[in-house]
Amino acid sequence: MRRTLTAALLMTALSMLECVGTAAAGETIGVVRTVAGAATVLRGEKTLEASPGLKLLVGDTLLTGRDGSIGIILRDDSSLSIGPESRLVVRSFLFSPTEGKFDLLARISRGTMAYISGLIGMLAPENARFETPSATIGIRGTRFAVKVGEPSVP
Amino acid sequence: MRAAVPVAFLLLAAACATSTRPLPPPPPRDVIVLLPDDQGRTGAIVVSSAGVERRLDRPGQTLSVDAGSPPGVPYVMPEQEVRALVGPALTALPKPPARFILYFEHNSADLTRESREVLKDLFRTIRDRAPVDISVVGHTDTLGKKKHNDALSLNRARAVAAILVGKGVDSSILDITSHGKENPLVPTGDQVSEPRNRRVEVTVR
C-alpha cells in the first residue's frame, strides 16, 4: 500500500511538470514569495526591489540588509529562504523532467538560509548542490538550514 | 558552537607566547543543520569539505565546518538553538505548493461527487495562502482518439478554472494547460478506460 502511494505521488509530480523548459538565459526559475525589511535582487548591473511575485532568473543574487529576509519558490516546487545580512546566488537551475535534465546549484556567501527540497530533490537529488564558503552540501531529499561563518574583524 | 571556545583560548595562548604580532583571526565557521519536516521526518544531506564527506540523516543533526578543514563531528542541536541561529530565515521560508487532483465522469467535463467535496479544501487553501499563482492542468484517460482527448482535457481544465473564477479567483493568476491523454497519472496502454486518469491537477503556489 505504501509503495503504491509513493509511486502515485511521484507520478502526480511528474505529470504536473507541464511545459517547464530548461532554464536557459531569460527563463523564469522561480518566484519571490515572502519579503521583509531591506531585500533586493541583483541581476547583472541592475538592483531590483525584492517583492512578492518577482520572477527570478538564473544568476540572480538575493541580498538582504540588517532586518531583511527573502523567501522564494523554485520551479521544481522547492522553497528557499535567506535571513538578515545574507547573500545567495542561484548559479544554475535546470528543470526539464521530459528530457530528464535536472540541476540546482546555489551558493550562499554570507548569512543564513533554509531550504525545503522539491521535485529535483525527489527525482535527481544528486544534481542538487549548495555551496558555502567552506563546504558543499549535497541533497538527499530533505530540508536544512545553514549559517555562514563571518570572517573576524581584526 | 560551544566547542569553539576552548579552541579560541588555545590559539590566544600560543600566539601570545611566540609573537607580538596581531592575532590571526579564527577561521570563519559555517554551521549546517538538518531540519525535520512537519511530520518530524528528515531526508539526508551530505556535507563535504577538504575532501571529507559527512552524512546528516537525523532531525536536528548539526555540524560545523571551519574554512579549509573537514566537516566537524555531528551533534543534535536543540530546536531553540536552531531558532536562535536561523530563525528569520525559517520564518521567511514559503510553504511548499499545495496540490489537488479533481476527477471527472467518463467522457465529460463534470466533476465526480467526491471531487466536488475536494473543492472546499482547494478554496480554503487559496484563501489561506493568498496571494497565490494557480496552475490548472487537464488530462484524460487513453480511451478514444488523440484529438478528442486534447479537446476534452482542455474543457476539463477550463471547467475547473470557471469554478475558481466563479468563487472570486482572479483569472489572471490562473495558468490553464492541458495534456490530452499524453500524461496519465496511472500508466495504462492505449484505449484503456481509467477513472484515475480523468482528472485536472491544480497546484497552488
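The values are calculated or read from the model by the stated rules, or taken from the named source; none is laboratory data. Quick caveat: nothing in here was measured; it's all calculated off a predicted structure. Neighbour counts are summed over all protein chains in view; Cβ atoms, including those assigned to glycine, are modelled from backbone coordinates with ideal geometry.
Below is a table of values for the structure above.
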| item | result |
| --- | --- |
| Residue in the range B:11-23 that is at the interface with chain A (Cβ under 9 Å from one of its Cβ atoms) and modelled with pLDDT under 70 present | yes |
| Only listed residue being more than 7 Å from chain B (Cβ to nearest Cβ), out of contact with any Gly (no Cβ under 9 Å at 6 or more places or on another chain) and within 20 Å of A:Glu49 (Cα to Cα), chosen from A:Ile120, A:Ile108 | A:Ile108 |
| Filter result for B:Val204 (buried (at least 18 other Cβ atoms within 10 Å of the Cβ), closer than 22 Å to B:Ile126 by Cβ and either more than 14 Å from every other protein chain (Cβ to nearest Cβ) or out of contact with any Asp or Glu (no Cβ under 9 Å at 6 or more places or on another chain) (or both)) | no |
| Hits in the range A:100-115 - residues which are buried (at least 24 other Cβ atoms within 10 Å of the Cβ) and in a loop (DSSP other than H, G, I, E, B) | A:Gly111 |
| Selection from the range A:129-141 of residues that are among the polar types (S, T, N, Q) and more than 7 Å from chain B (Cβ to nearest Cβ) | none |
| Residue check for B:Gly87: under 27 Å from A:Ser79 (Cα atoms) and either away from chain A (no Cβ under 14 Å) or in contact with a helix residue (DSSP H, G or I) (Cβ under 7 Å, 6 or more places away or on another chain) (or both) | no |
| Residues satisfying the stated conditions in the range A:76-99, i.e. farther than 15 Å from A:Gly118 by Cα, of a type in the set (S, T, N, Q) and part of a strand (DSSP E or B) | A:Ser92 |
| Selected residue (only one of B:Ser193, B:Ser135 is part of a loop (DSSP other than H, G, I, E, B), of a type in the set (Gly, Ala, Ser) and touching a residue at least 40 places away in the same chain (Cβ under 8 Å)) | B:Ser193 |
| Within the range A:116-136, considering residues that are under 13 Å from the mean Cα position of the chain (by Cα) and assigned to a strand (DSSP E or B), the one nearest to B:Val86 (Cα to Cα) | A:Ile116 |
| Residue ranges of strands (runs of 3 or more DSSP E) in the range A:7-75 with at least 1 members within 10 Å of another protein chain (Cβ to nearest Cβ) and at pLDDT 95 or above | A:28-36, A:39-43, A:61-64, A:69-74 |
| Of all residues in the range B:40-56 being under 23 Å from the mean Cα position of the chain (by Cα) and assigned to a loop (DSSP other than H, G, I, E, B), the one that is farthest from A:Asn127 (Cα to Cα) | B:Gly40 |
| Unique match (being closer than 26 Å to B:Pro25 by Cα and part of a helix (DSSP H, G or I)) among B:Val86, B:Val65, B:Val73 | B:Val86 |
| Check on A:Glu126, over 18 Å from B:Pro94 (Cβ atoms), more than 10 Å from every other protein chain (Cβ to nearest Cβ) and among the acidic types (Asp, Glu) | no |
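Table: residues versus (1) surrounded by fewer than 20 Cβ atoms within 10 Å (Cβ to Cβ); (2) farther than 29 Å from A:Ser79 by Cα.
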site	(1), (2)
B:Asp121	yes, no
B:Thr125	yes, no
B:Lys145	yes, yes
B:Asn149	no, yes
B:His179	no, no
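Results for (1) modelled with pLDDT of 95 or more; (2) touching a strand residue (DSSP E or B) at 6+ places or on another chain (Cβ under 7 Å); (3) among the small types (Gly, Ala, Ser), shown as yes or no for each residue.
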residue	(1), (2), (3)
B:Leu102	yes, yes, no
B:Leu111	yes, yes, no
B:Pro131	no, no, no
B:Lys146	no, no, no
B:Leu152	yes, no, no
B:Thr177	no, yes, no
B:Val186	no, no, no
B:Gly189	no, no, yes
